[in-house]
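Notes follow the structure.
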Amino acid sequence: MYPWLKVLYKKIINSKIMLCKNCNLLIGYPCNLGVNLLVFKLVKWILCLKKKKCLNCINCNLLKFNNHPNFIIIDNKNLNISFIKEIVLFLNKSLYFSVFKIIYFINFNFTNSFVFNYLLKLMEEPNYKLILVFSYLNSINIPLTFLSRCQRYNLYAPKELFIYKWINNNLNNTNYSKLNILTSIRLNHNSPLDSIFFLKNKWLLRMNILNMIKNIFNISVTSLINILNNSFIKFNLYLLYTIFLDILNYKYTDKIYNIDSQNVLKNIKKKICIKNINLILKKIIFCINDLNNNLNLNINILVYNISYNIYYLINKKK
């Protein structure tokens, strides 16, 4: 288990709430911290026949192969009428090798009123052998009626230095400096898992964008289009946004994203006025929103527009 999960795991286990009647559990998290692994460990502890003395009991073996009849996972993407049939079938089955049935809802969406009302009704029924577990990313939409029926816990992102040490110990490639790793951590909002994935799989894409920024005053519109127009367009736009945001803010805060490129930020800041940087940031935001909301969008036209706007604003005189 990841080290940042252990504290919450022990807290929940020691509370013994999982042995209560009609126990429902809410677990919030701010970023990718491996909450699914935490829930799986909790489920294993609940269903295990011998707890600490277990030597691969039948429940643990069934969970290991994702084949336990008393445990199902429902993804937020599948929350529709058909999922109710799945739950009804699950509840009507006999209990096997355990005294509990567990349903885990991944990244639950509380805005779906139909699903929400059905689950409230399910919680109120006297089913003493059912445990509902919910993980969620955004707590804004959680109704009070739901909170009153659940035990709520929160996972918190570890501090930068802790994440840096963990990544440094688990990253085989030693070509990354401390500033490189800290940059990855900040770009991924202090998610240890996303940060190490970023270094292993997306660092080269970032370096392409960074090299473009270094030569931004000599680059053509065509070059901008060629760099942005690929299957990673959203990712490239996000990186561009963080760089221009850092150019705007590096003098006023030490919490910039691209901490390994401060010299580049300073050089560009000298040549582009604040007004133009703000306009570039707005254009990038609009472009990302269009990509998120428009299914029938012409990507080529969108890339051309954002490339031309960036080129024009960079070369526009103060």
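Using a cutoff of 8 angstrom between alpha carbon atoms and counting only pairs six or more residues apart, the relative contact order for the chain works out to 18 percent.
Bins of 20 Å, beginning at zero and ending with the bin holding the largest distance: percent of Cα pairs per bin for the chain, please. Here the calculated profile for the chain is 26, 45, 26, 3.
Among Leu297, Leu47, Leu239, the largest mean-square fluctuation in a Gaussian network model of the chain (Cα springs under 10 Å) belongs to Leu297.
Comparing Ser231, Ser195, Ser98 in a Gaussian network model of the chain (Cα springs below 10 Å), the most mobile by mean-square fluctuation is Ser231.
A simple count of charges around Phe134, restricted to other residues whose Cβ falls under 13 Å of its Cβ and scoring Lys, Arg +1 and Asp, Glu -1, yields +1. So what's the gap between the Cα centers of region 113-176 and region 292-317, to the nearest angstrom? Using only Cα atoms to place each centre, the spacing works out to 37 Å. Between the beta carbons of Tyr96 and Arg152, assuming R0 = 30 Å, the FRET efficiency works out to 0.50 to the nearest 0.05. For Lys129, a cut-off of 18 angstrom between C-alpha atoms picks up these aspartates and glutamates, skipping any fewer than 8 places away in its own chain: Glu86. With the Kirkwood sum run over all distinct C-alpha pairs, region 126-246 has a hydrodynamic radius of 17.7 Å. Spin-label model, Lys200 to Thr174: label points 7 Å out along the Cα-to-beta-carbon direction sit 1.9 nm apart. Take the cross-link list Lys178/Lys282; Lys159/Lys282; Lys64/Lys101 and give me the ones stretching past 26 Å between alpha-carbons. Among Lys178/Lys282; Lys159/Lys282; Lys64/Lys101, the Cα-Cα distance tops 26 Å for Lys178/Lys282; Lys159/Lys282.
Residue separation of Tyr2 and Thr253 scaled by 0.36 nm, minus their Cα-Cα distance, works out to 87.3 nm of gained length. As a calculated quantity, the FRET efficiency between Phe114 and Tyr238 at R0 = 25 Å, using C-beta atoms, amounts to about 0.15.
Laboratory data are not the source of any read-out in this text; all were calculated from the coordinates shown. Not measured: the values here are computed from a predicted model. Don't worry about glycine lacking a Cβ; one is built from the backbone with ideal geometry, like all the others, and counts go over all protein chains shown.
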